[in-house]
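Following: one structure in structure tokens, then a few remarks.
The values are calculated or read from the model by the stated rules, or taken from the named source; none is laboratory data. It should be emphasised that the depicted structure is a prediction, and the values quoted were computed from it without experimental measurement. Counting neighbours? That spans all protein chains shown, and the Cβs are built from the backbone with ideal geometry, glycine included. Quick note on the areas: whole protein, heavy atoms, side chains included, nothing else; ligands and nucleic acids left out. Shrake-Rupley method; radii C 1.70, N 1.55, O 1.52, S 1.80 Å.
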2 protein chains.
Amino acid sequence: MADPIKNILKNNHDIKVNGSLWLESADGHFFGPGPVELLERIAETGSINMAAKAMNMSYKKAWALVNALNTQTSTPVVIAQTGGKKGGGSTVTHEAIELIKYHRQLRERFKDFLEKETQLLKT
Amino acid sequence: MADPIKNILKNNHDIKVNGSLWLESADGHFFGPGPVELLERIAETGSINMAAKAMNMSYKKAWALVNALNTQTSTPVVIAQTGGKKGGGSTVTHEAIELIKYHRQLRERFKDFLEKETQLLKT
DNA sequence: AATCGTTATATTTTAAAAGACATAACGATG
DNA sequence: CATCGTTATGTCTTTTAAAATATAACGATT
């Protein structure tokens, strides 16, 4: 029979199957783990700036992500307000929350898949 | 209830869940789609050089991949021979074939997962 | 010992991505 | 109407990754 994979690999302990998921359309992928976390942080902090800092990302990159998301959804997911009492801020729409929830569940299912495969690897 | 995701996304047709899988150990990931294809091509052509060309990869990168694989497996997966009647060449070990087979099956199961999720996305 | 195409490796160049920095607009509020 | 922190952009620099180029070793075969 075939050799178990674990015997082929060096350091066969702590070897695991890992991966990444994203949503994509014809014009490339656009909704991966990064944007999701950003949305979550914006929802928490009410600010693109603070959200970016919290995940150690430049404001510019964060803004670009938000902008990309907003143009790729039929309804904006982040509503930014410039000026105002606190200088401005951003809120997250109902749709964004749905996206976040969806992605959390998706990630959960993916995690199950990965764990199952990792187990299989060790047999 | 929650809005279906497809209604949130623009271009809701041809939207799909996609992803990537790899094996990884404590010291980073090392066995992704690229290396697998490379092994397959080396098995076909008997040469790292030709395999690299076939997948439009520089020889250097191909060699680096092979080298990484060989150092991360308990037994080499590619045996390279320098010099010789045809200048040299490379063969693939039994273990490499096992790895290829494993990865094909893994990819098949992943494909199922992705298709299931893509369907779910459209409901 | 000359030849051949491949392996093996170093060095340089190019390209792309990321990061740093700078600046203006904005508008509620005091 | 001056202030504030945020949004919104542009530009310039740095870092990183990839690609291109160059060169030597290798050994069966002729």
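Can you tell me which of B:Ser90, B:Ser25, B:Ser47 moves the most in a GNM of chain B? Springs connect C-alpha atoms under 10 Å apart. Result: B:Ser25 has the largest fluctuation of those listed.
To the nearest hundred square angstrom, how large is the accessible surface buried between A and B, total for both chains, probe 1.4 angstrom?
The A and B chains share an interface burying roughly 3600 Å².
Annotation: aspartates and glutamates with alpha-carbon distance below 14 angstrom to B:Lys101 (same-chain offsets under eight excluded): A:Asp3, B:Glu37, B:Glu40. What separates the Cα centres of region A:59-123 and region B:63-121 is a distance of 34 Å. Taking Cβ atoms as reference points and 10 Å as the exclusive limit, the residues near B:Thr75 contribute a net charge of -1, counting Lys and Arg as +1 and Asp and Glu as -1. How much area per residue is accessible in the protein assembly as shown when the probe is 1.4 Å and only protein heavy atoms are counted (Å²)? I get 56 Å² per residue for the protein assembly as shown. Protection proxy ranking for B:60-70, B:93-103, A:51-61, using the average of other Cβ atoms within 10 Å per residue and placing the highest first: B:93-103, B:60-70, A:51-61. For B:Ser25, the shell of other residues with beta-carbons less than 9 Å away shows a net charge of -1, using +1 for Lys and Arg and -1 for Asp and Glu. In plain terms, the chain from B:Thr118 to B:Ala80 could stretch by 9.5 nm, reckoned as 0.36 nm per residue minus the Cα-Cα distance. Peptide A:24-31 shows a mean partner chain C-beta count of 4 within 10 Å per residue C-beta.
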